[in-house]
Amino acid sequence: MNELTDETLKIPPRKYEYLDHTADVQLHAWGETMEEAFEQCAMAMFGYMTELETVEIKQVHEIEANGHDLQSLLFHFLDELLFLFNAEPFLIAKKVEITEFNRDEFKIKAKAYGEEFTLGKHPQGTEVKAITYSAMQILDRPEVERPELFVIIDI
């Protein structure tokens, strides 16, 4: 496990929101770069599970995700993070940082900073059952605006 430094403890500003969707929730995230938009989408997912203000950075876990296009990469990236929450170490992340983002080979390496989810300390939000491809959108229009992501999660 990596050591935690002052730099890794800095939390980026929130750049996501929740949109109404029939029986599910749509995450809408954005960033100055596609990497930041992916990170923010991950934080939106974790933020739906609990109040992130209650999470401390005590652990760091590394994940890798691969896809065959940008949408499948986003799907697998979020799915790997959801797996960290649902299996040991039951990690609820306060910060997700992409360390490698290969848009040609559709590969991501990232670090998730947080702690084990504990009832009593972390208010229980809504359980995220799965990531879906339903209505997934990746808007990458650097000449017009910031990158934006729309992902529906099954709750």
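Protein heavy-atom accessible surface, 1.4 Å probe, per residue over the chain: 52 Å². With contributions of -39500 (n - 2.57) from each DSSP H run of at least four residues, the per-residue ellipticity at 222 nm computed over the chain stands at -7000 deg cm²/dmol. Considering only alpha-carbon pairs that sit under 8 angstrom and 6 or more positions apart, the relative contact order computed for the chain is 29 percent. Judged by the ratio a/c of the largest to the smallest principal axis of the C-alpha gyration tensor, segment 1-114 counts as rounded, that ratio being less than 1.5.
Scanning residues 5 or more positions from Lys94 or on other chains, those with amide H under 5 Å from its amide H are Tyr113, Gly114, Glu115, with H placed 1.01 Å from N in the peptide plane. Here the label points at Glu3 and Lys111, each 7 Å from Cα along the C-beta direction, are separated by 1.2 nm in the simple model.
Among Asn86, Asn102, Asn66, which one moves the most in a GNM of the chain with springs linking Cα atoms closer than 10 Å? So, out of Asn86, Asn102, Asn66, the one fluctuating most is Asn102. Ignoring aspartates and glutamates fewer than eight residues from Lys94 along the same chain, the ones with Cα atoms less than 13 angstrom from its Cα are Glu39, Glu51, Glu53, Glu56, Glu115, Glu116. Quick check: the distance between the Cα centres of segment 24-47 and segment 94-147, to the nearest angstrom? Result: 5 Å between the Cα centres. GNM remark for the chain: springs join alpha carbons under 10 Å apart, and the peak mean-square fluctuation among Ile131, Ile98, Ile11 falls on Ile11. Full extension of the chain between Arg146 and Ala130 yields a length gain of 3.1 nm, computed as 0.36 nm times the residue separation minus the alpha carbon distance. For Val25, the residues whose amide H sits under 5 Å from its own are Ile153, Ile155, ignoring neighbours fewer than 5 places away on the same chain, with H placed 1.01 Å from N.
The values are calculated or read from the model by the stated rules, or taken from the named source; none is laboratory data. Note that this is a predicted model, so its numbers are computed, not measured. Methodologically, a virtual Cβ is constructed for each residue, glycine included, from the backbone with ideal geometry; neighbour enumeration extends over all protein chains shown. Protein only, heavy atoms only, side chains kept; ligands, DNA and RNA dropped before computing areas. Shrake-Rupley method; radii C 1.70, N 1.55, O 1.52, S 1.80 Å.
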